[in-house]
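Quick notes on the structure that follows.
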Amino acid sequence: MSRAASRSVLRTSLALLASTALAAPLALTAPVHASATDPYTVSALKVTVRAGDRTCSLDADIYRPSGVDAAHPAPAVLTTNGFGGSKADGSTDAIAKALAARGYVALAYSGLGFGKSGCPISLDDPRIDGRAASGLVDLLAGTRAADDGTRVDYVTQDGSGDPRVGMIGGSYGGAIQMATASVDHRIDALIPLITWNDLSYSLDPNNAGGAAGPVPGAYKYEWTNGFFLIGEAQGLLHPSLAASRWGGAGCLHFVAPVCETKRLLDSRRYPAGRTAAMLAYVRSVSPVSYLRSVKAPTLLVQGQDDTLFNLNEAAATYRTLTAQGTPAKMIWQSWGHSGGMKNPAPGELNLGKGDLESSYVGGRILAWFDRYLHHRKGAPTGPAFAYYRDWATEGPTYATSSRFPVGAGQKLYLSGDGRLVDDRTEVARGSRTYRNHLLPTSHSENPAAGLLGLPDLAPYDGRGTFLGWTSAPVAEGRPVDVVGAPRVTLKVISPRTERVQNSSDAADKLVLFAKLYDVAPDGSKRLVHRLIAPARVPDVTRQFTVELPAIVHRYEPGHRLRLVIAASDTAYAGNRGVKPVTVTSAPEDTGVLELPVTQGAFG
């Protein structure tokens, strides 16, 4: 495809981005290099590596602590940017400085396609981005020189060509750690923050029938369009590098399969062959496909306030790693990509400030590297699972557990009169119907508002386009704490869907959106962290289960839980055609909501 045609793709994305106001500012200021009085020095390096079928130049800064030399080596930590950033952005630079000040050799670099590093963006593909990062491990091993001939001979070695090195970073800088560790077993410790397990779940989620199933989900187009534009704009920020970043196949700065994936999603059609190829590709660049090769001890940190990469992503990674014997622990902190990313709650980790010693998560990070990079076997790495509680005003804000998941499953039954009851015999017989319109009638979020800290519309659902079931008020003195991923098992009736759902285009299958509200005694309601569960139902003639995003939430006395099943959402592509849906209830056959409760119970 010509560059003119590619610019047309970019103009389309610009228009879509403008409609959602997702033009997030990019922090691409130059790094501040250390003075002679600082506890480290900083040197800029260019390192040319082989990445897939391309040769790529990586732009890096190496932070060398004072007193570290060949006779007195130190362990190293690799870190790189989130999507749209570079080695110079606030969090990447701050974390490198913080670690260097604590005696680690820190190597911060701009990921492929960002900052002044060459080659197109390839979504942390282990075959490309992982191999490129492995070239930097060679630099730390002393077996490769930088382009100017500089060699690094002051990193602790565990063997010939085997430097002692960990990795840390958030989001795009999180997945690259697992991609690198899957192709280079010299990596000794990982700390991925707020990142993904399966991009097909992240950007086109189907919470019904398993996240990695063959049925595509509901296209999360607002988030996807925003990041696509940020990626395509990289050549405008660094025009001298544009030629080395040319991706082809309709994209300016992404590899061709990314462009093809975006084009299929934008078409809002899912023909069988192309959809299978799309899902296979997106999963191939996701940890879900290569975690079996990751052996490095991994501390997972995921955000509760995150509609891009929700808690289910980290939970899936944790389950896989621990099941195969890879040492892993997990923390659910307060902030993620939504809401408070720029302003963490008081006492929470703030990557932009590098405050590792003043927060619970920061302390766990330092202990992890202490144990696996300094080999201090007595260093406590903390419990298997910890989670932030926004209601904890006295004592520790984090609860901990020696196991995951936590909590017992409480079942609530969907009654025909709109109640959630804890006894199946109390279910009233009845049926209710909703229908979608051609335009979305429900709203959960505008991602731009969360990213930029701007006001967003309160969540809403249009009359006649959703169904809701509400619990009794929580008993006085017995708050209910939900920690984990709720699940709802349903059977729906939709004759119009039945007639078309077996076509060769999966877009004809029914789409619905499940979510949980907290309803206060005055009737006001809050969609918990604005999280929803899009589901493309595999077969409306059969019962199915929707796994909602995990939450950490307290329902206070007097509050009620409301489950809503909606026909649409403004942040997602939805149903093709109008598809009325009926839900019936009877004591012997009704929907069931299962909640992971750690305290209290809904009665």
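Read-outs: derived from the displayed coordinates by stated rules, not from any lab. This one's a predicted model, so the numbers in the text were calculated from it and none came from an experiment. No Cβ is skipped: glycine too gets one built from the backbone with ideal geometry, and neighbour counts run over all protein chains shown.
The set of residues from the range 71-130 being closer than 16 Å to Ala51 by Cβ, aliphatic (A, V, I, L, M) and assigned to a helix (DSSP H, G or I) comprises just one member, Ile128. Note on the range 150-206: among residues that are crowded, with 24+ Cβ neighbours inside 10 Å and of a type in the set (Phe, Trp, Tyr), the one that is nearest to Ala316 (Cα to Cα) is Trp196. Selection over the range 335-369 of residues that are within 24 Å of Ala384 (Cβ to Cβ), in contact (Cβ under 8 Å) with a residue 24 or more places away in the chain and in contact with a Pro (Cβ under 8 Å, 6 or more places away or on another chain) gives a count of 4. The residues on offer are Val597, Val540, and the sole one that is in a strand (DSSP E or B) and in contact with a strand residue (DSSP E or B) (Cβ under 8 Å, 6 or more places away or on another chain) is Val597. The set of residues from the range 266-287 being crowded, with 23+ Cβ neighbours inside 10 Å and either over 18 Å from the mean Cα position of the chain (by Cα) or outside any helix (DSSP H, G or I) (or both) comprises Tyr270, Val285, Ser286. Exactly one residue among Pro538, Pro587, Pro549 is over 22 Å from Ala408 (Cα atoms), touching a helix residue (DSSP H, G or I) at 6+ places or on another chain (Cβ under 7 Å) and not hydrophobic (A, V, I, L, M, F, W, C), and that residue is Pro587.
Return yes or no: is Val492 surrounded by 15 or more Cβ atoms within 10 Å (Cβ to Cβ) and in contact with a His (Cβ under 9 Å, 6 or more places away or on another chain)? No, not satisfied.
Among the candidates Gly339, Gly347, Gly352, single out the residue that is surrounded by 20 or more Cβ atoms within 10 Å (Cβ to Cβ), over 20 Å from Leu199 (Cα atoms) and in contact with a helix residue (DSSP H, G or I) (Cβ under 8 Å, 6 or more places away or on another chain). Even if it seems obvious, please write down each step before you answer.
Values: Gly347 fails: surrounded by 20 or more Cβ atoms within 10 Å (Cβ to Cβ); Gly352 fails: surrounded by 20 or more Cβ atoms within 10 Å (Cβ to Cβ).
Only one candidate qualifies: Gly339.
For the range 131-166, the candidate set comprises residues that are among the aliphatic types (A, V, I, L, M) and touching an Asp or Glu at 6+ places or on another chain (Cβ under 9 Å); within that set, the residue that is farthest from Ser286 (Cα to Cα) is Ala141. Note on the range 53-107: among residues that are under 18 Å from Val137 (Cβ atoms) and basic (Lys, Arg), the one that is surrounded by the fewest Cβ atoms within 10 Å (Cβ to Cβ) is Arg64.
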